[in-house]
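The values are calculated or read from the model by the stated rules, or taken from the named source; none is laboratory data. What you see is a predicted model, and the numbers here were worked out from it, not measured in a lab. Here Cβ is always computed from backbone atoms with ideal geometry, including for glycine, and neighbour counts include all displayed protein chains.
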Amino acid sequence: MGSAQAREDAGATERHTIDNPQIHPDEDTMRSFLSVGSYQRLIENKGEERVAAKILAAAEPHKTADGKYVFANRYLLSIFCT
């Protein structure tokens, strides 16, 4: 059974899509990713600059012409009624 059918069977009556892009104005704010706990061990093993360079390289496709980084975030909200 697909997820749309499962929602129908569960009585979902309303569905909303919420777009909430994450925007970083420049490379300096992209470094905020380094403060995420999951990167700490990697930073300890590989060094902060090397990890920062990898993050920026991975984010390159999301860089706009004016130097911002824009990540699309889309959430599906279903309201279920019983």
Next item on the list: Keeping to the stretch 58-82, report how many residues are without any contact (Cβ under 8 Å) to a residue 12 or more places away in the chain, surrounded by 10 or more Cβ atoms within 10 Å (Cβ to Cβ) and over 14 Å from L34 (Cβ atoms).
Entry: 2
Check: Hey, any hits in the stretch 37-57 for a residue that's in a loop (DSSP other than H, G, I, E, B) and either exposed (fewer than 10 other Cβ atoms within 10 Å of the Cβ) or touching a Cys at 6+ places or on another chain (Cβ under 7 Å) (or both)?
Finding: no
Next item on the list: Could you give me the residue pairs with C-beta distances under 9 Å whose first residue belongs to the stretch 1-24 and is loosely packed, with under 11 Cβ neighbours inside 10 Å and β-branched (V, I, T), whose second residue is modelled with pLDDT of 80 or more and not in a strand (DSSP E or B) wherever it lies, and which are 6+ apart or on separate chains?
Entry: I18/N73
Item checked: Selection count, the stretch 15-58, where residues are closer than 30 Å to S78 by Cα, aliphatic (A, V, I, L, M) and touching a strand residue (DSSP E or B) at 6+ places or on another chain (Cβ under 9 Å) -> 2
Item checked: Neighbours by Cβ (under 6 Å, 6+ apart or cross-chain): first from the stretch 31-49, more than 24 Å from K68 (Cα to Cα); second among the small types (G, A, S) -> none
Next item on the list: Can you tell me which residue among P61, P25 is at pLDDT 95 or above and out of contact with any helix residue (DSSP H, G or I) (no Cβ under 8 Å at 6 or more places or on another chain)?
Entry: P61
Notebook entry, point to check: If you take the residues in the stretch 64-82 that are among the aliphatic types (A, V, I, L, M) and part of a strand (DSSP E or B), which one is modelled with the lowest pLDDT?
Noted result: I79
Notebook entry, point to check: Restricting attention to the stretch 28-58, and to residues there that are closer than 28 Å to T17 by Cα and of a type in the set (G, A, S), which single residue is modelled with the highest pLDDT?
Noted result: A58
